[in-house]
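The numbers here are math on the coordinates, done by the rules we state, and not lab data. Keep in mind it's a predicted model, so treat the numbers as computed, not measured. Here Cβ is always computed from backbone atoms with ideal geometry, including for glycine, and neighbour counts include all displayed protein chains.
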Amino acid sequence: MWSGFQTAVQLIYPSRCLGCGDLVDSDFGLCGPCWRDTPFVAGAVCESCGVPVMGAADGFRIECDDCMRHPRPWSAGRTALIYEGRARKLVLALKHGDRPEIARPAALWMARVGKPLLSRNALIAPVPLHWTRLIKRKYNQSALLAQALSRETGLSCCPDLLVRNQRTPKLENATVQQRFDLLGGAITHHPKRRHRMVARDVILVDDVMTSGATLAACTKACMEAGAARVNILTLARVSKDSRHQDS
């Protein structure tokens, strides 16, 4: 019965490519040209943020220049895309373009690259959005990704594990140090949710990692609340070549 219903829906609303809108065979997917134009991460990656690095895995921890320059407080990190070209358009469409349907396929991509981080009893939590921005944007894109990732992996998700107590200014033009300074103390754990992360691995989910300041503030809040370990999983990572683009 359910398969028949799905077929009927597909006949009325055929699947469209998330990138260009052309018809595609699978629901919530990309057509061939858009898939080829989307910078998916593959090969050897930085263990801290997931950005591709030169060389091959050799059994030792590999980190990119940024993560060596700014040691991360979390244990490990992965990302599905490089924040440029069509990937940037998809992220901005999810974030500002009222395209929440992008979260479902994005979570599939994130689950694939994040497999090494998905310990059996890990708790998934999104980077929080200040309530004033939540009202304006209507949804927290990181929470949509976290909830979709939870459905895909079967791991528990706590959408309000962390709270953003201060509304910080937009960080696009801020230096790395300014980002860290502005976010100091801005994010804390929800006092009624602390018991959910005590002695437990937490996977922090965000749409884009730029400097890592927001994820560092979230990691600090989790560790102070008693988390055993914190890993990060993002949809996209800003690389050196894409720093000039908005994030």
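In this structure, Asp25 and Met54 have a Cβ-Cβ separation that, at R0 = 35 Å, corresponds to a calculated FRET efficiency of about 0.45. Taking a ≥ b ≥ c as the square roots of the eigenvalues of the alpha-carbon gyration tensor, the stretch 58-169 is classed rounded because a/c is under 1.5. Amide H to amide H, with H built 1.01 Å from N, Ser239 comes under 5 Å of Tyr83, counting only residues 5 or more places away or on other chains. Using the average count of surrounding beta-carbon atoms within 10 Å as a protection proxy, the listed peptides 87-98, 32-43 rank, highest first, as 87-98, 32-43. Here each label is just a point 7 Å from Cα along the line to Cβ, and for Arg151 and Thr132 those points are 3.2 nm apart.
When a/c reaches 1.5 or more, the comparison of a/b and b/c decides; with that in mind, is the stretch 46-242 rounded, prolate or oblate per its Cα gyration tensor?
Values: a/c = 1.17, a/b = 1.08, b/c = 1.08.
It is rounded, given that a/c, with a ≥ b ≥ c, falls under 1.5.
Label positions at Lys192 and Glu101, each projected 7 Å from the Cα along the C-beta direction, are separated by 3.5 nm.
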